[in-house]
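Visitor: I am attaching a structure below and will ask some questions about it afterwards.
The values are calculated or read from the model by the stated rules, or taken from the named source; none is laboratory data. This structure is a prediction, so every number in the text was calculated from the model and none was measured. Neighbour counts are summed over all protein chains in view; Cβ atoms, including those assigned to glycine, are modelled from backbone coordinates with ideal geometry.
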Amino acid sequence: MSIVTIERRVLEKNDAMAAANRQRFARYGLTVLNLVSSPGAGKTTLLERTLERLPRTVRTAVIEGDVQTDLDAKRVAKFGVPVVQIVTNGSCHLEAHLVEQAIGALDLANLDLLVIENVGNLVCPAAYDLGETMKVVVLSTTEGDDKPLKYPAMFRNAAVLVINKIDLLPFSGASLEAIRKNATGINPDLRIFEVSCVTGEGLDEWCRWLEHCAGYVNA
């Protein structure tokens with residue numbers, strides 16, 4: 001019982017900070033995506049291909065969360081967007097207070113879109129609200145089509161599913177139909193994109209949707 005009580009207190013404190021973050025983002029009309037996935041699903045590469053395609057009129061910044069190193073932040077910074085690195089030093093997820101500290105280094109008034117790339121993990125980030133507009137879960141075809149069934153909380157709490165590495169479908173043994181069925185069986189409201197960061201398939205549709213989220217085009 002004491003463990004449950006401690007966990008509840010930790011989450012309550014996090015949720016209070018997340019609510020403050022959300023109010024701050026809303027004050028600036030900022031769309032905030034919490035990008036989550038297993039390690040190796042291709043979040044950073046998806047982010048790179050996205051930044052290549054998004055018009056510069058969509059003023060974008062990135063918060064990078066990693067257990068160690070700033071390697072991903074360096075990759076993203078090459079695209080000329082503001083980047084803030086959070087190193088968790090072992091923690092398997094970002095928390096709202098870390099995001100609150102990170103946004104202090106950003107000019108929120110001059111942004112339209114903020115992408116928070118969370119630590120690679122489909123368990124803990126499902127429970128931790130950061131104040132984001134929505135969670136976007138990235139699932140690669142190489143992980144198999146049963147991933148939503150193994151990590152239902154993440155897919156239940158996400159608004160968007162990006163099925164990545166569809167160019168590897170012939171080699172993965174996964175089925176797009178099965179991924180969709182398993183994911184929407186948990187969350188019927190999921191918006192789903194199918195993309196390949198190698199061939200570029202599906203990326204234009206994904207980026208048009210992001211522009212719409214940032215208030216630039218019609219869906």
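Visitor: Among the residues of the stretch 184-218, count how many are touching a residue at least 40 places away in the same chain (Cβ under 8 Å) and under 21 Å from SER38 (Cβ atoms).
Guide: Looking only at that region, the number is 4.
Visitor: Sticking with this one: Report whether or not LYS147 is at positive phi, touching a residue at least 40 places away in the same chain (Cβ under 8 Å) and under 17 Å from the mean Cα position of the chain (by Cα).
Guide: No: the conditions fail for LYS147.
Visitor: crowded, with 17+ Cβ neighbours inside 10 Å and either of a type in the set (Asp, Glu) or in contact with an Asp or Glu (Cβ under 6 Å, 6 or more places away or on another chain) (or both): does that describe ALA183?
Guide: Here the answer is no, as ALA183 does not meet what is asked.
Visitor: Is it the case, given these coordinates, that ASP129 is in contact (Cβ under 8 Å) with a residue 40 or more places away in the chain, charged (D, E, K, R) and surrounded by fewer than 17 Cβ atoms within 10 Å (Cβ to Cβ)?
Guide: no
Visitor: Return yes or no: is ALA41 crowded, with 19+ Cβ neighbours inside 10 Å, part of a loop (DSSP other than H, G, I, E, B) and among the small types (Gly, Ala, Ser)?
Guide: yes
Visitor: Pick from VAL137, VAL99, VAL81, VAL123: which is modelled with pLDDT of 90 or more and within 12 Å of the chain's Cα centre (by Cα)?
Guide: Result of the check over VAL137, VAL99, VAL81, VAL123: VAL137.
Visitor: Next question, about the same structure. For the stretch 139-158, which residues satisfy the criterion of being buried (at least 21 other Cβ atoms within 10 Å of the Cβ) and within 10 Å of ASN182 (Cα to Cα)?
Guide: Once the filter is applied, which keeps residues that are buried (at least 21 other Cβ atoms within 10 Å of the Cβ) and within 10 Å of ASN182 (Cα to Cα), the stretch 139-158 yields ASP145, LYS147, PRO148, PHE155.
Visitor: Collect the residues in the stretch 45-63 that are among the polar types (S, T, N, Q) and either in a strand (DSSP E or B) or modelled with pLDDT of 95 or more (or both), keeping them in residue-number order.
Guide: Within the stretch 45-63, THR45, THR50, THR60 meet the criteria.
Visitor: Would you please name the residue that is farthest from THR50 (Cα to Cα), looking only at residues in the stretch 151-181 that are charged (D, E, K, R) and in contact (Cβ under 8 Å) with a residue 24 or more places away in the chain?
Guide: The qualifying residue farthest from THR50 (Cα to Cα) is ARG156.
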